[in-house]
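Rule-based calculations on the coordinates, nothing more; no lab input. Please read all numbers here as calculations on a predicted model, not as lab measurements. So basically every Cβ, Gly included, is an ideal-geometry build from the backbone, and we count neighbours across all protein chains shown.
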Amino acid sequence: IDELLGEGVEGRRVFVRADLNVPLDGTTITDDGRIRAVVPTVKALADAGARVVVASHLGRPKGAPDPAFSLAPAAARLGELLGTEVAFATDTVGESARATVAGLADGGVAVIENLRFNAGETSKDDAERDAFAEQLAALADLYVGDGFGAVHRKHASVYDLPGKLPHAAGYLIATEVGVLKKLTEDVRRPYAVVLGGSKVSDKLGVIDHLLERADRILIGGGMAYTFLKAQGHEVGSSLLQEDQIPAVLEYLRRAEDRGVEFVLPVDVVVSEGFPDLKAKAPTEHRTVAADAIPAGFMGLDNGPETNKLYASKLADAATVFWNGPMGVFEHPDYADGTRAVAQALVDSPAFTVVGGGDSAAAVRTLGFDENAFGHISTGGGASLEYLEGKQLPGLVALED
Ligand code: 3PG
């Protein structure tokens, strides 16, 4: 983007593909991290006199307008953060978008409505995606890719559009890629990885890749129960992906062969039912050994012994990557495991990276200062796929 700015962008319409896919409670943004992350790029362009057209997806609407997924709250928040008025187009490539962009003064900023209100954005059909990208291209003269959280998606605004306009990477993408490079090239050791979240199946690729690179892999969250079951323990009514047990056994074998330490919970917090995340009312729960989960009970968080163990495994690491909460952190009864890992990262002198999505939201909603971490990524799936060594369509398109 600095090159683009150096060439001069005054009066030029610049399409900024951001990731404003923030969690919402109705129309209230519960974590604005992704909006704050794109501010430096938008501000630099606006300050240089560009007419900035910000675009993003939000949620997974079905290719048609759906008010529940409107970007209006995100546009308003962007305006607050920039301290300027941000215009909002109520469609993506229609009359409102065209008129809003045409009405921008030099240095002005507009947000257009959710890209996924158009089937062409996410279409698997190249021609359909291309046609939508053409419509988007008509709104701008230049393209800046800065939606790091979406670079793993082969979508029109991420993959097809950059090929139609002179393009550059924004500051956020440059920062994110710089950090992830530190986790893949010349990693400082010991390299510890903490993986949580609900499904083992979401993490297969990254575990496979990390088995060749990490020194220690700590497992928590819903996916831990498939590991415990694979080791022959009963897990009651905990989340379980029975079909993943062969893969898990294979990982455990490979880890042993390679001298990679796999660390699993030694105790867990269990309850008879899943807590109500809205009311957050106190629940009946207790701590049990991880190999003694009673029938009818489900594990919902790491227990205190596990928290101590994990903190000790992170204390002497030189590099830590963490993705996925350790429990149902949205409920206060099951937030300690996630809080303990976050605290261990804060206390550690290691270079610490929190991989986006839920874990990034978790550290902020649990009240941690984000500056206490080496880096909090805005990309969940994107950072995992980067670590898997995959080619990410949104980065490939910007390199061309
Ligand atoms: C994310 O939340 O990881 C990104 O915004 C991408 O969203 P998606 O998984 O709906 O494509």
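Please tell me which of these pairs span more than 21 angstrom C-alpha to C-alpha: Lys154/Lys182; Lys62/Lys390; Lys181/Lys203; Lys62/Lys203? Over 21 Å Cα-Cα: Lys154/Lys182; Lys62/Lys390; Lys62/Lys203. Rounded, prolate or oblate, given the Cα gyration tensor of segment 171-214, with a/c below 1.5 counting as rounded? Oblate, since a/c reaches 1.5 and b/c is not below a/b. Comparing Leu240, Pro349, Val328 along the charge dipole axis of segment 223-376, the residue lying farthest to the positive side is Pro349, per the Cβ-charge model.
Projecting the Cα atoms of Tyr171, Val200, Leu161 onto the dipole axis of segment 147-200, where Lys and Arg carry +1 and Asp and Glu carry -1 at the beta carbon, places Val200 farthest toward the positive end.
Rg/Rh, computed from the Cα trace of segment 278-400 with Rh as the Kirkwood radius, has the value 1.04. Indicate the gyration tensor shape class of segment 16-119 (rounded, prolate or oblate), computed on the Cα atoms with a ≥ b ≥ c the square roots of the eigenvalues: a/c under 1.5 is rounded; otherwise a/b larger than b/c is prolate and the rest oblate. Since a/c reaches 1.5 but b/c is at least a/b, the shape of segment 16-119 is classed as oblate.
Packing, taken as the mean count of other beta carbons within 10 Å per residue, orders the peptides 290-298, 380-388 from highest to lowest as 380-388, 290-298.
Ranked by the mean number of other Cβ atoms within 10 Å of their residues, highest first, the peptides 41-48, 60-67 fall in the order 41-48, 60-67. With all projection directions averaged, the alpha carbon convex hull of the chain covers 19.4 nm². Here the relative contact order of segment 1-151, from alpha carbon pairs under 8 Å that lie six or more residues apart, stands at 33 percent. Counting only alpha carbon atoms, the long axis of helix 171-184 and the longest principal axis of the chain meet at about 30°.
Put simply, when 111-123, 23-35, 305-317 are sorted by average Cβ atoms within 10 angstrom per residue, most first, you get 111-123, 305-317, 23-35. Magnitude of the charge dipole for segment 251-387, about its Cα centre and with charges confined to Cβ atoms of Lys, Arg (+1) and Asp, Glu (-1), is about 180 debye. Our note on the geometry: Cα centres of segment 163-207 and segment 11-49, 21 Å apart.
Net charge dipole, segment 1-142: roughly 240 debye, given to the nearest 20, about the Cα centre with Cβ charges of +1 for Lys and Arg and -1 for Asp and Glu.
Charge tally for Val187 (other residues, Cβ to Cβ under 11 Å; Lys, Arg +1; Asp, Glu -1): +2. GNM on the chain, alpha-carbon springs under 10 angstrom: the most fluctuating residue among His331, His152, His57 is His331. Here is the P(r) of segment 336-400: all C-alpha pair distances, binned every 10 Å from 0, give 20, 45, 24, 10, 1 in whole percents. Cα gyration tensor of segment 203-349, axes a ≥ b ≥ c as square roots of the eigenvalues: rounded (a/c below 1.5), prolate (a/b > b/c) or oblate? Oblate is the answer for segment 203-349, as a/c is 1.5 or above yet b/c matches or exceeds a/b.
Computed about the Cα centre, the dipole magnitude for the chain is approximately 140 debye when only Lys and Arg (+1) and Asp and Glu (-1) carry charge, each at its Cβ.
FRET efficiency for the Glu95 to Ala292 pair, using the beta carbon distance and R₀ = 56 Å, is estimated at 0.30.
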